[in-house]
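In what follows, a structure is listed as structure tokens, so that the remarks can point back to it.
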Amino acid sequence: MTTAGVWHPVALSASIEPGSSAGTHIDGKEFVVWRDNSGAPHVWEDRCPHRGMKLSFGFVRGDHIACLYHGWQYDTAGQCRYIPAHPELDVPGSIRVPVLQTVETAGMIWMATEPTESAPPAPQETGETVPVRSVFFGAAIDAVLAAIETTPSRPFSDEAAAPVLRQIDGRLY
């Protein structure tokens with residue numbers, strides 16, 4: 001193992017419940033972030049080796065994640081363990097999903113882009129991790145900025161957003 005690696009936060013811990021999965025993108029590559037039923041987080045390439053279906057569209061069964069397309073099941077090491085169409089088959093060891101080093105700390109699930117002995121960066125501030133969301137406005141940036149600048153400052157909420165959105169194009173969303 002190398003001593004340095006690049007860590008990326010890929011999900012808020014609270015957003016990935018045991019037995020669930022979600023897809024994400026880093027540097028143009030797709031990954032699935034999932035938790036087995038015991039709560040352990042995993043980050044893998046988001047592609048079933050069989051037909052290329054996204055594993056993030058699949059489902060978690062105990063400590064396996066299964067592809068939605070044909071139900072192939074992979075264990076926490078990325079090894080295919082069960083093929084429904086051939087239930088008696090001893091699955092070859094070559095059928096596996098690339099897995100990434102995964103750590104959960106500071107309220108986030110992190111993945112390393114290469115094997116490393118280093119830890120993810122420590123948070124700069126203490127306190128709760130706050131999620132953010134991208135918002136699409138179907139308006140020119142000047143109209144969006146003007147609406148935001150003329151809106152009194154207050155904590156963001158649906159009530160605070162409504163006047164801004166009305167100013168942008170005259171419709172209440």
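Can you tell me which residue in the stretch 73-108 is nearest to Arg47 (Cα to Cα), limited to those that are in contact with a strand residue (DSSP E or B) (Cβ under 8 Å, 6 or more places away or on another chain) and among the small types (Gly, Ala, Ser)?
Only one residue fits best here, namely Gly78.
Across the stretch 41-72, what is the total count of residues that are of a type outside the set (A, V, I, L, M, F, W, C) and under 25 Å from Ser13 (Cβ atoms)?
Count: 12.
Considering the stretch 85-126 alone, what residues qualify as being over 23 Å from the mean Cα position of the chain (by Cα) and under 17 Å from Ser21 (Cα atoms)?
none
Pull out all pairs, ordered by first then second residue, where Cβ-Cβ is under 8 Å, the residues are six or more apart or on different chains, the first lies in the stretch 103-132 and is among the aromatic types (Phe, Trp, Tyr), and the second is modelled with pLDDT under 85 and surrounded by 11 or more Cβ atoms within 10 Å (Cβ to Cβ).
Trp110/Pro120
Exactly one condition in (1) surrounded by 16 or more Cβ atoms within 10 Å (Cβ to Cβ); (2) modelled with pLDDT under 95; (3) of a type in the set (A, V, I, L, M) is false for Leu89; which is it?
The failed condition is (1).
The values are calculated or read from the model by the stated rules, or taken from the named source; none is laboratory data. Everything quoted here is computed from the prediction, not taken from an experiment. As a convention, Cβ positions derive from the backbone with ideal geometry for all residues, glycine included, and neighbour counts pool all protein chains shown.
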